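The structure appears right after this line, and notes come after that.
The values are calculated or read from the model by the stated rules, or taken from the named source; none is laboratory data. Predicted model, so just to flag it, every value in this text is computed and none were measured. As a convention, Cβ positions derive from the backbone with ideal geometry for all residues, glycine included, and neighbour counts pool all protein chains shown.
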């Protein structure tokens, strides 16, 4: 006969409370442990487009729990390599003003190989160890492949139009229409400017130079009549200048015969010219013996000389 065992009324609640306490204790112990883990975030570099001599940077952000520090012995040291060389390994703690513990890991590699065809080269894995806490911790950067291209491409096939050396292309033609038009316009402007300058210096061919008796007539016809002594002298002077220009020298009474021999067109004016020289002598060289001004007669003489001058064409 089996005796039935009776349970105590307080045994089951006590056992439940003990179980809850143990679970809570384990959770509290596990929480801090998980919170003390080192967190690493890698900023992945570019994976392609590298050639010999290029630099490749691996950068990672590391969050450190309080009390942990990097074991410098675990930091990779620069060393030569065949295809890829580690040039620099730098551990940069965060500035003091930034809250929390964090740092930056910088690894700089240089490509030392130029493959004949595009090839994958592996950046080696990196294991970092941290000490100073309850137990050391280790984080790992996995190896990373990058694509390296050849420095010189493969030679092209030796077929017509595809070889390495090709005949030179003819130089492209430059449109010179606008330049030629501008040069033509500038040349025309230069020619016109030169013609204006030449005409102003030598005189325009279509512009007839005024003849001596034309000039004398323009001066004399404005003089009023009856003329004063001043106006009479002005008229005598204008006619003297016309005779001098026609003769090519200073003309006086003794040279009248030679002048008429050279300019026979003025021969009909001999009596009037002889009288003119006599009046001129009395006007300019015989003080007190001036002739009575006969401006009308002098104007008539000038008009007749002007007409003979035009008919002779000289």
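The number of residues in region 284-312 that are at pLDDT below 80 and either part of a loop (DSSP other than H, G, I, E, B) or surrounded by 14 or more Cβ atoms within 10 Å (Cβ to Cβ) (or both) comes to 9.
For residue 249, the conditions (1) surrounded by 14 or more Cβ atoms within 10 Å (Cβ to Cβ); (2) in a loop (DSSP other than H, G, I, E, B) all hold with the exception of (1). Scanning region 262-277 for residues that are surrounded by 13 or more Cβ atoms within 10 Å (Cβ to Cβ) and closer than 13 Å to residue 297 by Cβ yields 269, 272, 273, 275, 276. As a summary of the residue check, residue 222 satisfies the conditions (1) surrounded by 11 or more Cβ atoms within 10 Å (Cβ to Cβ); (2) closer than 24 Å to residue 294 by Cβ except for the one numbered (1). Scanning region 221-248 for residues that are farther than 20 Å from residue 285 by Cα and without any contact (Cβ under 8 Å) to a residue 24 or more places away in the chain returns 222, 224, 247, 248. Scanning region 54-90 for residues that are closer than 23 Å to residue 149 by Cβ, assigned to a loop (DSSP other than H, G, I, E, B) and at pLDDT below 90 yields a count of 4.
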